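Below you'll find the structure, written out as structure tokens, and then a few comments.
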């Protein structure tokens, strides 16, 4: 799947309106191919921002550090560089978009955000424990 800019994604969404069941598995493939749990956690964190919200890269990296997704036992400069590397990975995987001329901000397309929220909600379901009452 090649990287598309925001306007191309909007056109694709219009063309494929009502085809979420076909589009989401393709996007999920990009997510599944992310290397490492910390990158997936950073990606999912981006879905916490409102739809079409421009996220400052530096602040996003600071949030990831505070959540301890990155930078544990490393110096600040190395951690920030790691954060920028993760953002670059997410952009090259078409899971985040660099908006127009603003290379200091990213955003998550609403279709990608929907997928990320779905992944997060499924994760909670998989961790649930079921107990059956004893018969007797």
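The values are calculated or read from the model by the stated rules, or taken from the named source; none is laboratory data. Predicted model, so just to flag it, every value in this text is computed and none were measured. We place every Cβ from the backbone using ideal geometry, glycine too, and count neighbours over all the protein chains shown.
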(request) Within region 13-56, count every residue that is surrounded by 12 or more Cβ atoms within 10 Å (Cβ to Cβ), part of a helix (DSSP H, G or I), modelled with pLDDT of 70 or more and out of contact with any strand residue (DSSP E or B) (no Cβ under 8 Å at 6 or more places or on another chain). (result) 14
(request) Output the number of the condition that residue 106 fails; it satisfies all remaining conditions of (1) assigned to a strand (DSSP E or B); (2) at positive phi. (result) (2)
(message) Among (1) at pLDDT below 95; (2) buried (at least 16 other Cβ atoms within 10 Å of the Cβ); (3) in contact with a strand residue (DSSP E or B) (Cβ under 7 Å, 6 or more places away or on another chain), there is one condition residue 106 misses while meeting the rest; what is its number?
(response) (1)
(request) Please state which of the following conditions residue 108 fails to meet, knowing it meets all the rest: (1) touching a residue at least 40 places away in the same chain (Cβ under 8 Å); (2) out of contact with any helix residue (DSSP H, G or I) (no Cβ under 6 Å at 6 or more places or on another chain); (3) under 28 Å from residue 11 (Cβ atoms). (result) (2)
(request) Report yes if residue 73 is out of contact with any strand residue (DSSP E or B) (no Cβ under 9 Å at 6 or more places or on another chain) and either surrounded by 13 or more Cβ atoms within 10 Å (Cβ to Cβ) or part of a helix (DSSP H, G or I) (or both), otherwise no. (result) no
